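Notes to accompany the following structure.
The values are calculated or read from the model by the stated rules, or taken from the named source; none is laboratory data. Not measured: the values here are computed from a predicted model. So basically every Cβ, Gly included, is an ideal-geometry build from the backbone, and we count neighbours across all protein chains shown.
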Amino acid sequence: MASYDYYDEEQDIIEELFIETLRVVNAMKSSNVDRLMCENKELVFSKIRSKMDTKQLICSAKSNRYGIWNYLLIASVFLLLIASTVALYYYGTYKSRMVELAKTQIHLKVPFGVISQMILPDGSRVILNGGSKISYPVIFTSSRQIDFSGEGFFEVVKDENNPFIINSKNISVKVLGTRFGIKAYDEDVKTILTLKEGSVKVFPFGMDIKEGVFLEPDQQLIIRNDTKEFQRRNVIADDYTAWKEGIFIFKNQALSEISATLERRFNVKINIKSDLIGSEQYTAQFRYGENVEQILEKLSHKRSWRVIKKNGIIELTGN
């Protein structure tokens, strides 16, 4: 009966050590590898010391008949030691590589006349309009930060522990998980952020707003880049993000702003011959199938200017 108890105790220890070995290896596959490996490092070696002490007690009472279990116990201890050492070594290499990748930046620029879609390292999706520029690391670590200029529609994956931050020339935007559009071309007079879903905080540069400006769905923030004045208003968000479907919706916009939008979308150059023409306000909607000349011809209907195309450049001049 005593021999049977000894057999069971040896077998239980071997099985437990085998489980510990698998736990170390599986920790390397976990998304929380940093935390798990730090927790396991001391635990693993304390387990080895504990099992070695147990082994010595068992060995003092063993009989030659069960020597095979002692060899298996010793082999299990060394297997755990080897697995732990290898795992910790490769974790150190892995962590060093992750730090290196987090410092490596990807820089992209979308040509005029093109709408591009991409997936960021955290799975967030962004649709970029022509002339947009974006910079981001190969991988996100403790923070998700990108540099951006241009026009984009973001669908951000939610991660409460790691906010998503967009830095542009005039504002910084902080979100957790949401969908929103941002128009922040460096050369534009205004920076515009339109929230579709979720919530965002906007921090305009050069303004003493420590808590940021909070937006709710179907709200828009317009900031004048020169004076830093801003306006928060209620809108229909879809009207201001329809460009990603190839739809133009202009609401009380100056012809100069409309021309800049058309230049980026159609990769053309539009010259407005007078400030008076450029300041005229328009509300209009255009869908797929209409080219830049057709859009401008319709806008000029019953107005004091006309469209002339000369040497590949479109001129808007007085009648």
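Considering only residues that are part of a loop (DSSP other than H, G, I, E, B) and touching a Leu at 6+ places or on another chain (Cβ under 6 Å), look in the range 120-151 and name the one that is surrounded by the fewest Cβ atoms within 10 Å (Cβ to Cβ). Break it down into steps so the answer makes sense when it comes.
Let us first name the residues in the range 120-151 that are part of a loop (DSSP other than H, G, I, E, B), namely 120-124, 129-132, 138-143.
Add one more test, that the residue is touching a Leu at 6+ places or on another chain (Cβ under 6 Å), and what stays is 138-139.
Values: VAL138: 13, ILE139: 15.
Looking at the filtered set, the residue picked out is VAL138.
From the set of residues in the range 195-211 that are charged (D, E, K, R) and more than 10 Å from SER172 (Cα to Cα), which is modelled with the lowest pLDDT?
ASP208
Determine whether ILE134 is modelled with pLDDT of 90 or more, among the aliphatic types (A, V, I, L, M) and farther than 21 Å from LYS174 by Cβ.
Details: modelled with pLDDT of 90 or more: yes; among the aliphatic types (A, V, I, L, M): yes; farther than 21 Å from LYS174 by Cβ: no.
Against the criterion (modelled with pLDDT of 90 or more, among the aliphatic types (A, V, I, L, M) and farther than 21 Å from LYS174 by Cβ), ILE134 does not qualify.
Being aliphatic (A, V, I, L, M) and closer than 12 Å to LYS244 by Cα is the filter here; which residues of the range 110-138 pass it?
VAL114, ILE115, VAL126, ILE127, LEU128
Report, by residue number, each residue of the range 222-256 that is without any contact (Cβ under 8 Å) to a residue 12 or more places away in the chain and among the β-branched types (Val, Ile, Thr).
Within the range 222-256, THR227 is the sole residue that qualifies.
Only residues that are surrounded by fewer than 15 Cβ atoms within 10 Å (Cβ to Cβ) and in contact with a Ser or Thr (Cβ under 6 Å, 6 or more places away or on another chain): list them for the range 220-251, please.
Scanning the range 220-251 gives a single hit, LYS251.
When the residues of the range 161-172 are filtered to those that are in a loop (DSSP other than H, G, I, E, B) and out of contact with any Leu (no Cβ under 7 Å at 6 or more places or on another chain), which remaining residue is modelled with the highest pLDDT?
Filtering the range 161-172 down to residues in a loop (DSSP other than H, G, I, E, B) leaves 161-163, 168-170.
Going one step further and asking which of them are out of contact with any Leu (no Cβ under 7 Å at 6 or more places or on another chain), we end up with 161-162, 168-170.
Numbers: ASN161: 86, ASN162: 88, SER168: 94, LYS169: 91, ASN170: 90.
So the residue we want is SER168.
Please report, ordered by residue number, the strands (runs of 3 or more DSSP E) entirely within the range 260-319 with at least 2 residues that are under 19 Å from LYS183 (Cβ atoms).
It comes to 281-286.
Could you please give the count of residues in the range 117-142 that are under 13 Å from ILE165 (Cα atoms), within 10 Å of the chain's Cα centre (by Cα) and not hydrophobic (A, V, I, L, M, F, W, C)?
Number satisfying all stated conditions: 4.
Rundown of residues vs (1) in the same structural domain as PRO111 (by TED's automatic domain parsing); (2) part of a strand (DSSP E or B); (3) in contact with a Pro (Cβ under 9 Å, 6 or more places away or on another chain), yes/no style:
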residue: PHE153; (1), (2), (3): yes, yes, no
residue: ASP159; (1), (2), (3): yes, no, no
residue: LYS174; (1), (2), (3): yes, yes, yes
residue: GLU187; (1), (2), (3): yes, no, no
residue: THR191; (1), (2), (3): yes, yes, yes
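Can we say ARG265 is surrounded by fewer than 12 Cβ atoms within 10 Å (Cβ to Cβ) and either aromatic (Phe, Trp, Tyr) or closer than 26 Å to VAL110 by Cα (or both)?
Judged against the criteria, ARG265 is not a match.
Among (1) modelled with pLDDT of 90 or more; (2) over 14 Å from the mean Cα position of the chain (by Cα); (3) surrounded by 15 or more Cβ atoms within 10 Å (Cβ to Cβ), which single condition is LEU88 missing?
All conditions are met except number (1).
Of all residues in the range 207-219, how many are under 18 Å from LEU176 (Cα atoms) and surrounded by 14 or more Cβ atoms within 10 Å (Cβ to Cβ)? Even if it seems obvious, please write down each step before you answer.
If we filter the range 207-219 for residues that are under 18 Å from LEU176 (Cα atoms), which is where we start, we get 211-219.
Still in the running and surrounded by 14 or more Cβ atoms within 10 Å (Cβ to Cβ): 212-213, 215, 217-219.
Qualifying residue count, the range 207-219: 6.
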